[in-house]
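**Student:** Before we start, here is the structure in question, set down as structure tokens.
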């Protein structure tokens, strides 16, 4: 199994040109992440069931794997992602002739709960952006990275992988590489550009020191900022801003899309800016904006307010 897994990972790296983030997730879903509590990886389950060959796995075993994950409280979205990794592995093994046929091809995936993405209001975004201490290089960096997450709807992996040469200050554009290593250009507004210019001119040289590094965002040692550090920065700024929410990088991406559509942006333009391959992925934000519109209507329209009070008193 180890040899087949190594071949598969090499296939993702070389032939599929998958990003390190994607490869890490696939590896964790198949092998399991030993640093994160109970075993949940597909290979861990096979070892638990004493199944010694990938050829012995069929739909029944896959259903048992799903039940095993559910018993551990794994969310349906995470289960679906793990099954996607398993299916991808088996498609590769059959295509390369390691297995005679794919016994998992018709296996079903648990139906996902369609949850609306969480986002921040404009007021909450303003409070968050006021949190960093701009008297320090780290504070200028923190403001800039939050500005870019919100202004361009970047994924955190896209943010931390930005290099200096990917920034076009004159045209207010960034060149980013998204899922599947797909390249796209994104736009940023004036506030984000101003924060970026100040960071590049003042803060970044201080963080870089005498080192040489093309990464746009640096830590205090002059090295590329890591994804987990971005989350810690958001945690610190959220607490300082007094927001009663768990703000994560993807929430700022959700916020970008929601505010764009609220402002009248075309759905396909937002799709392109987000780097979504499928319009369906972008359409969920139309449900968010409709939900927001309903809240505004019920709180602002005088007849809606009267009707709401009648329902509360009935």
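The values are calculated or read from the model by the stated rules, or taken from the named source; none is laboratory data. Bear in mind that the values here come from a model prediction, so they are computed numbers and not experimental data. Ideal geometry is used to build each Cβ from the backbone, glycine not excepted, and the neighbour counts take in all protein chains shown.
**Student:** With respect to residue 228, is the statement that it is assigned by TED's automatic domain parsing to the domain that holds residue 184 and either surrounded by 14 or more Cβ atoms within 10 Å (Cβ to Cβ) or at pLDDT below 80 (or both) true?
**Tutor:** Working: assigned by TED's automatic domain parsing to the domain that holds residue 184: yes; either surrounded by 14 or more Cβ atoms within 10 Å (Cβ to Cβ) or at pLDDT below 80 (or both): no.
No: the conditions fail for residue 228.
**Student:** Please pick out the residue among 143, 174, 162 that is closer than 30 Å to residue 209 by Cα, within 16 Å of the chain's Cα centre (by Cα), surrounded by 22 or more Cβ atoms within 10 Å (Cβ to Cβ) and touching a residue at least 24 places away in the same chain (Cβ under 8 Å). Break it down stepwise before answering.
**Tutor:** Numbers: 143 fails: within 16 Å of the chain's Cα centre (by Cα); 174 fails: within 16 Å of the chain's Cα centre (by Cα).
Matching residue, one of 143, 174, 162: 162.
**Student:** When only residues in the range 78-108 that are modelled with pLDDT under 80 and surrounded by fewer than 14 Cβ atoms within 10 Å (Cβ to Cβ) count, which is nearest to the chain's Cα centre (by Cα)? Reasoning before the result, please.
**Tutor:** As a first pass, look at the range 78-108 and keep what is modelled with pLDDT under 80: 105-108.
Filter once more, keeping what is surrounded by fewer than 14 Cβ atoms within 10 Å (Cβ to Cβ): 105-106, 108.
Working: 105: 27, 106: 28, 108: 25 Å.
It comes out as 108.
**Student:** In the range 178-193, which residue that is assigned to a helix (DSSP H, G or I) and surrounded by 14 or more Cβ atoms within 10 Å (Cβ to Cβ) is modelled with the lowest pLDDT?
**Tutor:** In the first step, residues of the range 178-193 are kept if they are assigned to a helix (DSSP H, G or I); the result is 179-181, 190-193.
Keeping just the survivors that are surrounded by 14 or more Cβ atoms within 10 Å (Cβ to Cβ) gives 179, 192-193.
Values: 179: 78, 192: 95, 193: 95.
Once the filter is applied, the top-ranked residue is 179.
**Student:** Of all residues in the range 16-70, which are loosely packed, with under 14 Cβ neighbours inside 10 Å, at pLDDT below 85 and within 18 Å of residue 92 (Cα to Cα)?
**Tutor:** 17
**Student:** So residue 186 passes all but one of these: (1) under 26 Å from residue 277 (Cβ atoms); (2) free of Cβ contacts under 8 Å to residues at least 60 places away in the same chain. Which condition number does it fail?
**Tutor:** (2)
**Student:** Can you confirm whether residue 134 is assigned by TED's automatic domain parsing to the domain that holds residue 283, closer than 20 Å to residue 218 by Cβ and either modelled with pLDDT under 95 or surrounded by 21 or more Cβ atoms within 10 Å (Cβ to Cβ) (or both)? Full working, then the answer.
**Tutor:** Details: assigned by TED's automatic domain parsing to the domain that holds residue 283: yes; closer than 20 Å to residue 218 by Cβ: yes; either modelled with pLDDT under 95 or surrounded by 21 or more Cβ atoms within 10 Å (Cβ to Cβ) (or both): no.
It is false that residue 134 is assigned by TED's automatic domain parsing to the domain that holds residue 283, closer than 20 Å to residue 218 by Cβ and either modelled with pLDDT under 95 or surrounded by 21 or more Cβ atoms within 10 Å (Cβ to Cβ) (or both).
**Student:** Does residue 88 satisfy the condition of being closer than 27 Å to residue 177 by Cβ and touching a strand residue (DSSP E or B) at 6+ places or on another chain (Cβ under 9 Å)?
**Tutor:** no
**Student:** Out of 268, 253, which single residue is part of a helix (DSSP H, G or I) and either surrounded by 16 or more Cβ atoms within 10 Å (Cβ to Cβ) or not assigned by TED's automatic domain parsing to the domain that holds residue 144 (or both)?
**Tutor:** Numbers: 268 fails: either surrounded by 16 or more Cβ atoms within 10 Å (Cβ to Cβ) or not assigned by TED's automatic domain parsing to the domain that holds residue 144 (or both).
Result: 253 is the single residue among 268, 253 that is part of a helix (DSSP H, G or I) and either surrounded by 16 or more Cβ atoms within 10 Å (Cβ to Cβ) or not assigned by TED's automatic domain parsing to the domain that holds residue 144 (or both).
**Student:** What tally of residues in the range 230-249 results from selecting those that are without any contact (Cβ under 8 Å) to a residue 12 or more places away in the chain and part of a loop (DSSP other than H, G, I, E, B)?
**Tutor:** Number satisfying all stated conditions: 2.
**Student:** Taking residue 205, is it in the same structural domain as residue 253 (by TED's automatic domain parsing), assigned to a helix (DSSP H, G or I) and over 18 Å from residue 147 (Cβ atoms)?
**Tutor:** It is true that residue 205 is in the same structural domain as residue 253 (by TED's automatic domain parsing), assigned to a helix (DSSP H, G or I) and over 18 Å from residue 147 (Cβ atoms).
**Student:** Can you confirm whether residue 245 is under 21 Å from residue 131 (Cα atoms), modelled with pLDDT under 95, in contact with a helix residue (DSSP H, G or I) (Cβ under 9 Å, 6 or more places away or on another chain) and not assigned by TED's automatic domain parsing to the domain that holds residue 13?
**Tutor:** Working: under 21 Å from residue 131 (Cα atoms): yes; modelled with pLDDT under 95: yes; in contact with a helix residue (DSSP H, G or I) (Cβ under 9 Å, 6 or more places away or on another chain): yes; not assigned by TED's automatic domain parsing to the domain that holds residue 13: yes.
Yes, satisfied.
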